[in-house]
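In what follows, a single structure is set out as structure tokens and then discussed.
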Amino acid sequence: MISTIESGAFVEALTPPRGQPASLPEDCPPLLLVVIDTEEEFDWSQPHASENTAVSAIAAQGLAQEIFARHGIVPTYVIDYPVAATPSAVAVLKAFADRGECRIGTHLHPWVSPPHTERVNAVNSYPGNLPPALEREKLAVLTAQIAEAFGTRPVVYKAGRYGVGPATPGILEDLGYQIDVSVVPRTSFTGDGGPDFSAAGFSPAWFGPSRGVLEIPLSCGFYGALRARGPTLFPRVSGAAGMRLRLPGILARSGLLERIRLTPEGCDLAANIRLTRSLYQQGCRVFSYTYHSPSLVPGMTPYVSSAAELKAFLESMDRYFAFFREELGGRPSDPLEVLALVRSQPQTRAAGVPAPA
């Protein structure tokens with residue numbers, strides 16, 4: 001029997017005394033990262049299945065690359081095993097990478113990643129729920145596959161379904177990863193056995209046995225008059241009773257409290273801008289914008305079901321990137337630049353974290 005991830009275990013690894021806050025230069029402008037979950041296609045309404053390995057949507061990624069190029073954005077494609085093991089998909093992404101138009105990272109979907117020894121179910125779809133030896137072996141195999149396909153070893157990791165666990169920090173350090181982008185602040189996935197990030201904030205932090213991995217959280221947080229009370233209030237109103245009474249929707253429409261994730265998937269442009277302004281006012285300077293690669297083909301995810309919705313999806317991205325540069329005064333970045341910036345700070349070196357080579 002495989003147990004679920006210990007509630008809050010990964011968040012505890014990010015906070016003192018087990019973690020070390022990561023500081024940016026005082027004059028650092030807002031930085032925008034784009035991280036794409038680059039994965040196989042499957043029916044999101046059905047259980048996970050190891051047979052779902054098609055990756056035809058990779059051919060459509062050029063639609064977004066045209067938008068990235070207009071805004072000077074170099075996205076990070078975190079890719080899973082079916083993508084890394086399919087020559088046609090690799091060819092598309094490697095062409096971007098070879099031209100310096102993207103970075104390549106790792107995204108572990110256990111149910112389609114060898115070795116296939118665990119039972120495929122919801123609990124085991126979170127990598128951190130697997131026995132540590134199996135979590136490590138799956139990630140090692142995937143890492144080697146990506147290195148062989150792209151000619152460089154990945155150093156950025158995002159757990160499938162955000163499923164980091166107690167063993168993940170040590171595994172990442174052992175395999176040479178320098179950055180993790182799995183944490184979703186103010187969000188719990190415990191409903192089907194996943195991690196609890198309810199106590200996580202937006203700030204980057206060092207973690208791991210040697211504090212050798214930098215966590216850069218996704219951008220997710222609260223907007224509204226009750227924003228400051230969001231961490232304690234939202235879990236209560238979003239519980240079973242609150243959902244029956246539709247309290248989260250009522251609070252959001254009233255402008256009192258809204259939890260928003262920075263993504264074009266199920267989140268409109270106005271909401272993305274509200275979240276960004278709210279996080280900026282709270283001191284956030286690193287913003288992580290995410291979506292799933294199959295969303296660029298209508299019908300492959302719940303978020304884009306028609307050509308018209310795809311057009312709106314791409315336009316939302318384009319307009320958000322323009323807002324970030326022109327109104328917020330920010331600029332594009334990527335996880336490796338953020339790592340270099342925090343490594344350059346005196347606090348980092350004093351804490352024993354490796355300085356730049």
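The values are calculated or read from the model by the stated rules, or taken from the named source; none is laboratory data. Just so it is clear, the model here is predicted, and its values are computed rather than measured. Heads up, the Cβs are rebuilt from the backbone with ideal geometry, glycines too, and the neighbour counts pull from every protein chain shown. Quick note on the areas: whole protein, heavy atoms, side chains included, nothing else; ligands and nucleic acids left out. Shrake-Rupley method; radii C 1.70, N 1.55, O 1.52, S 1.80 Å.
Values as computed for the structure displayed
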| quantity | calculated |
| --- | --- |
| Full-extension gain in nm, S45 to L245, via 0.36 nm per residue minus C-alpha separation | 69.6 nm |
| Inter-part distance where the range 25-58 and the range 264-329 are each reduced to a Cα centre, Å | 14 Å |
| Net lengthening on full extension, E315/A228 (0.36 nm per residue, minus Cα-Cα) | 28.2 nm |
| Whichever lysines have a C-alpha closer than 29 Å to that of K138, once near sequence neighbours (fewer than 8 apart) are set aside | K94, K158 |
| Tail beyond 35 Å, pair distance distribution of the chain (Cα, percent) | 18 percent |
| Accessible surface, per residue, of the chain when the full set of protein chains is kept, probe 1.4 Å, Å² | 41 Å² |
| Cβ-derived FRET efficiency at R0 25 Å, A322 paired with S56, nearest 0.05 | 0.25 |
| Contact order relative to length of the range 43-170, as percent, for alpha carbon pairs under 8 angstrom and 6 or more apart | 28 percent |
| Dipole magnitude of the range 10-148, debye to nearest 20 (Cβ charges: Lys/Arg +1, Asp/Glu -1, about Cα centre) | 200 debye |
| Charge dipole (debye, nearest 20) of the range 22-86; +1 at Cβ of Lys and Arg, -1 at Cβ of Asp and Glu | 220 debye |
| Estimated dipole of the chain in Debye, rounded to 20 [Cβ of Lys and Arg +1, of Asp and Glu -1, Cα centre] | 1080 debye |
| The chain - mean residue ellipticity at 222 nm from DSSP helices (-39,500 (n - 2.57) per run, n ≥ 4, rounded to 500) | -10000 deg cm²/dmol |
| Given charges at Cβ of Lys, Arg, Asp, Glu: the range 27-176 dipole, positive-most of H48, V164, C102 | C102 |
| Accessible surface of the chain, 1.4 Å probe, proportion on carbon and sulfur as whole % | 53 percent |
| For the chain, with +1 on Lys and Arg beta carbons and -1 on Asp and Glu, the positive-most of A149, A340, A240 along the dipole | A240 |
| Shape metrics for the range 150-200, restricted to C-alpha atoms - Rg then Dmax, Å | 12.3, 39 |
| Backbone N within the range 9-50 under 14 Å of label point (7 Å from N121 Cα along the Cβ vector) | 47-48 |
| Ordering of 215-225, 241-251 by packing [mean C-beta count within 10 Å, highest first] | 215-225, 241-251 |
| Theoretical gain in end-to-end length, A95 to D174 [0.36 nm per residue, Cα-Cα removed] | 25.5 nm |
| A69-L256 FRET efficiency (beta carbon distance; Förster radius 25 Å; 0.05 resolution) | 0.05 |
